[in-house]
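J.: The structure follows.
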Amino acid sequence: MTTNQRIDGKRLWDSLMAMAEIGATPKGGVKRLTLTEVDRQGRARFTEWCEAQGLAVRVDAIGNMFARREGRDPSRPPVLLGSHLDSQPTGGKFDGALGVIAGLEVIRTLNDLGIETEAPIELVNWTDEEGSRFGHSLMGSGVWSGVYELEKAEALRDLDGVTVGEALDAIGARGPHPARPFPADAYFELHIEQGPILEAEGKMIGVVTGAQAQVWYDAVITGQDSHAGTTPPANRRDALVAAARVITHVDATMRARGADGRGTVGQLTVLPNSRNVVPGEVRFSVEFRHPRTEEMEAIAARFPAEAAALVAETGCRLELSELFRIPHQPFDPDCVALVREAAQRLGYSARDMVSGAGHDAVYAARRIPAAMIFTPCKDGLSHNEAESILPEEAEAGCQVLFEAVLARANR
Ligand code: HGY
Ligand code: MN
Ligand code: MN
Ligand code: MN
């Protein structure tokens, strides 16, 4: 039988909309880039809401925020829940924020109903999940779980040359607590699917069994800037033409892996970026993903040499640096079962699925049992200002989160 203790869907939605005001963009999305002034405002509002619920908020050295609700037995490791408040430059209202605000709603409901859990509960806002500013996604959870070294993370630079360390200090987000794993019992993350499957199948809940493999690179192609009018074809070393070959090859590599292949060049800078100069340097991102680790590894084994050969034919030079590689990450079967059982008890249509996106749960799972809950999103669209979900979808996801966390914290 379900606990029949219901979260407050309207309060959840109102808080989601209030958070979406921070960094709101004209097209209805949000721009809350990690460790910017707007991120600071989001963090401040999150802290205010947590403290209003009597939670003790602590911040670690990479800016991860943990808001703790005590349990009956303080000796038990806490059950964690949460996600991220940072967004893409043209992000949506719900990517990340849904998991954080739904986690807050779980705590608000426990407080309203006067429910004391056996284990403590900690609500988490992870720093820089998106990776779009500093080039490493899942950065905060990566440092917490020991995948990324803190010093290396702090030294990462954005396109303006600002380091993570400088950005942390600029908004006062560097906390006194060590950014490393502490004893925790489990981690649950509610997130929008960011893809088309649940909507296409008319399912309300995704029971996420794992997340796909991915590998990210930085590429720099060096040719020679020269006059567009006077440089004959034979004398050109056009870095943008070379980059175009590599970009086409990324797409072909993806398609060669069939419907499960993913390959993207999302970020590109042309130098000197003048219309009558043959480009001498092009910097761009490359990433590949696949549900099966061995497929990602097969791409990663061949792509660097293939790309170098394509570039060499143009007389340019390629420097390709691998930023990180994540194998397929299975989630914990017991935690996944709690999600599946909660959806069943609540009567929500559900299906098991692997996440196409990376999530903080992927790195949390390196240290503690973790599971995720997905809700549909309109047209499967995300990392787009038009990202949208229905209030009843947010409510359903939050109710499943409530039940799974309560079951785990009282087992
Ligand atoms: O890229 C990702 O998968 C995540 O949404 N940042
Ligand atoms: Mn996200
Ligand atoms: Mn995202
Ligand atoms: Mn993500």
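J.: Of the numbered conditions (1) open to solvent by less than 50 Å² (accessible area, probe 1.4 Å); (2) in a loop (DSSP other than H, G, I, E, B); (3) in contact with a strand residue (DSSP E or B) (Cβ under 9 Å, 6 or more places away or on another chain); (4) of a type outside the set (Ser, Thr, Tyr), Gln214 fails exactly one; give the number of that condition.
T.: (2)
J.: Run down Thr293, Thr269, Thr264 and say which single residue is surrounded by fewer than 20 Cβ atoms within 10 Å (Cβ to Cβ), within 16 Å of ligand 4 (Cβ to nearest atom) and among the hydroxyl-bearing types (Ser, Thr, Tyr). Even if it seems obvious, please write down each step before you answer.
T.: Working: Thr293 fails: within 16 Å of ligand 4 (Cβ to nearest atom); Thr269 fails: within 16 Å of ligand 4 (Cβ to nearest atom).
After applying the criteria, what remains is Thr264.
J.: In addition: Cβ-Cβ under 6 Å, sequence separation 6+ or interchain: first residue in the range 14-34 and at positive phi, partner open to solvent by 60 Å² or more (accessible area, probe 1.4 Å) and part of a loop (DSSP other than H, G, I, E, B). Which pairs?
T.: Correct list of pairs: Gly23/Lys31.
J.: Name the residues in the range 227-246 that are in a helix (DSSP H, G or I) and either open to solvent by less than 60 Å² (accessible area, probe 1.4 Å) or modelled with pLDDT under 95 (or both), would you?
T.: Hits for the range 227-246 are Ala239, Ala242, Ala243, Ala244, Val246.
Listed here are the residues, each with its yes/no results for (1) within 14 Å of ligand 3 (Cβ to nearest atom); (2) open to solvent by 10 Å² or more (accessible area, probe 1.4 Å); (3) without any contact (Cβ under 8 Å) to a residue 40 or more places away in the chain.
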| site | (1), (2), (3) |
| --- | --- |
| Cys335 | no, no, no |
| Leu338 | no, yes, no |
| Leu346 | no, yes, no |
| Val354 | no, yes, no |
| Tyr363 | no, no, no |
| Met372 | yes, no, no |
| Thr375 | no, no, no |
| His383 | yes, yes, no |
| Ser388 | no, yes, no |
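J.: Do we find a residue being crowded, with 19+ Cβ neighbours inside 10 Å, over 30 Å from Pro78 (Cα atoms) and in the same structural domain as Gly42 (by the TED database) anywhere in the range 187-194? Before you say what the answer is, go through the steps one by one.
T.: From the range 187-194, those crowded, with 19+ Cβ neighbours inside 10 Å are 187-194; that's our starting set.
So of that shortlist, the ones also over 30 Å from Pro78 (Cα atoms) come out as none.
The answer is no, given that none of the residues of the range 187-194 is crowded, with 19+ Cβ neighbours inside 10 Å, over 30 Å from Pro78 (Cα atoms) and in the same structural domain as Gly42 (by the TED database).
J.: Would you be able to say whether some residue in the range 9-20 is open to solvent by 30 Å² or more (accessible area, probe 1.4 Å) and in contact with a strand residue (DSSP E or B) (Cβ under 9 Å, 6 or more places away or on another chain)?
T.: The answer is no; no qualifying residue exists.
J.: Let me ask something else. Can you work out which of the residues in the range 96-116 that are acidic (Asp, Glu) and open to solvent by 10 Å² or more (accessible area, probe 1.4 Å) is farthest from Arg72 (Cα to Cα)?
T.: At the first step, the residues of the range 96-116 found to be acidic (Asp, Glu) are 105, 112, 116.
Subsequent filtering for residues that are open to solvent by 10 Å² or more (accessible area, probe 1.4 Å) retains 112, 116.
Working: Asp112: 17, Glu116: 6 Å.
Filtering first and then ranking leaves Asp112.
J.: Quick check on the range 333-351. Is at least one of its residues charged (D, E, K, R) and in contact with a Phe, Trp or Tyr (Cβ under 6 Å, 6 or more places away or on another chain)?
T.: As a first pass, look at the range 333-351 and keep what is charged (D, E, K, R): 334, 340-341, 345, 351.
Retained after the next criterion (residues that are in contact with a Phe, Trp or Tyr (Cβ under 6 Å, 6 or more places away or on another chain)): none.
Checking the range 333-351: not a single residue is charged (D, E, K, R) and in contact with a Phe, Trp or Tyr (Cβ under 6 Å, 6 or more places away or on another chain).
J.: Could you tell me which numbered condition Gly42 fails, if it satisfies all but one of (1) touching a helix residue (DSSP H, G or I) at 6+ places or on another chain (Cβ under 7 Å); (2) outside any helix (DSSP H, G or I)?
T.: Checking Gly42 against (1) touching a helix residue (DSSP H, G or I) at 6+ places or on another chain (Cβ under 7 Å); (2) outside any helix (DSSP H, G or I), the one that fails is (2).
J.: State all residues of the range 45-73 that are of a type outside the set (Ser, Thr, Tyr), free of Cβ contacts under 8 Å to residues at least 60 places away in the same chain and not in a strand (DSSP E or B); if no residue qualifies, say none.
T.: Arg45, Glu48, Trp49, Glu51, Ala52, Gln53, Gly54, Glu70, Arg72, Asp73
J.: Looking at the structure I just gave you, is Ala119 in a loop (DSSP other than H, G, I, E, B), farther than 30 Å from Asp379 by Cβ, in the same structural domain as His359 (by the TED database) and open to solvent by less than 10 Å² (accessible area, probe 1.4 Å)?
T.: On the way: in a loop (DSSP other than H, G, I, E, B): yes; farther than 30 Å from Asp379 by Cβ: yes; in the same structural domain as His359 (by the TED database): yes; open to solvent by less than 10 Å² (accessible area, probe 1.4 Å): yes.
In short, yes.
J.: Right, Pro89: open to solvent by 10 Å² or more (accessible area, probe 1.4 Å) and either of a type in the set (A, V, I, L, M, F, W, C) or within 13 Å of ligand 3 (Cβ to nearest atom) (or both) or not?
T.: yes
Matching residues to (1) under 20 Å from the mean Cα position of the chain (by Cα); (2) closer than 30 Å to Arg72 by Cβ; (3) basic (Lys, Arg):
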| site | (1), (2), (3) |
| --- | --- |
| Ile121 | no, yes, no |
| Ser132 | yes, no, no |
| Leu138 | yes, no, no |
| Val147 | yes, no, no |
| Glu151 | no, no, no |
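J.: Right, another one. Looking at the range 92-114, which of the residues that are out of contact with any Gly (no Cβ under 8 Å at 6 or more places or on another chain) and part of a loop (DSSP other than H, G, I, E, B) is nearest to ligand 3 (Cβ to nearest atom)?
T.: Filtering first and then ranking leaves Asp95.
J.: Does the range 74-107 hold any residues that are touching a residue at least 60 places away in the same chain (Cβ under 8 Å) and more than 16 Å from ligand 1 (Cβ to nearest atom), and which are they?
T.: Passing the criteria: Arg76, Pro77, Pro78, Val79, Leu80, Leu81, Ile101, Ala102, Gly103, Leu104, Glu105, Val106.
The values are calculated or read from the model by the stated rules, or taken from the named source; none is laboratory data. Note that this is a predicted model, so its numbers are computed, not measured. All Cβ positions, glycine included, derive from the backbone under ideal geometry; neighbour counts span all protein chains shown. These accessible areas exclude ligands, DNA and RNA; they are computed on the full protein's heavy atoms, side chains included. Shrake-Rupley method; radii C 1.70, N 1.55, O 1.52, S 1.80 Å.
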